[in-house]
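Asks: First the structure, which I've put down as structure tokens, then a few questions once you've had a look.
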């Protein structure tokens, strides 16, 4: 059963990442914690490993479609790597339960903001 859930999470996360440009971790981390019973740290580690490959495949398609702006990538990537290392270090110091709560709060805040922006845009375009 875990194998089927794992494949489903990969399918769903990969589709959303390619379609919407979101990080697959938004789907994979809660899925692994809630459906596979993994702790938050392990789920985040697996998600980051999977997203590395996922990002490369999505990046390839974006290059082909001429959507990748290399000068912007050159500025963003090194900063993201440094702070990714810092964030992973800090996450290792936080209890799994607390980290899960922080992740959930992050999802709620971002989801709410996106929902309200979309509603606002719909109202102004009518």
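Quick note: the coordinates plus some simple rules give every number you see, no bench work behind them. It should be emphasised that the depicted structure is a prediction, and the values quoted were computed from it without experimental measurement. In this analysis, Cβ positions are derived from the backbone assuming ideal geometry, glycine residues included, and neighbour counts consider all displayed protein chains.
Asks: For residue 73, which of the numbered conditions (1) closer than 23 Å to residue 5 by Cβ; (2) more than 17 Å from the chain's Cα centre (by Cα); (3) assigned to a helix (DSSP H, G or I) fails to hold?
Replies: Result: residue 73 passes all but (1).
Asks: Separate question: Inspect all residues belonging to the stretch 81-98 and state whether any of them is surrounded by 14 or more Cβ atoms within 10 Å (Cβ to Cβ), in contact (Cβ under 8 Å) with a residue 40 or more places away in the chain, over 13 Å from the mean Cα position of the chain (by Cα) and not in a helix (DSSP H, G or I).
Replies: The answer is no, given that none of the residues of the stretch 81-98 is surrounded by 14 or more Cβ atoms within 10 Å (Cβ to Cβ), in contact (Cβ under 8 Å) with a residue 40 or more places away in the chain, over 13 Å from the mean Cα position of the chain (by Cα) and not in a helix (DSSP H, G or I).
Asks: Please go through the stretch 48-70 and give me each residue that is within 17 Å of residue 18 (Cβ to Cβ) and part of a loop (DSSP other than H, G, I, E, B), ordered by number.
Replies: 65, 66, 67, 68
Asks: Residues being in a helix (DSSP H, G or I), surrounded by fewer than 18 Cβ atoms within 10 Å (Cβ to Cβ) and in contact with a helix residue (DSSP H, G or I) (Cβ under 6 Å, 6 or more places away or on another chain): count how many of those fall in the stretch 17-47.
Replies: 3
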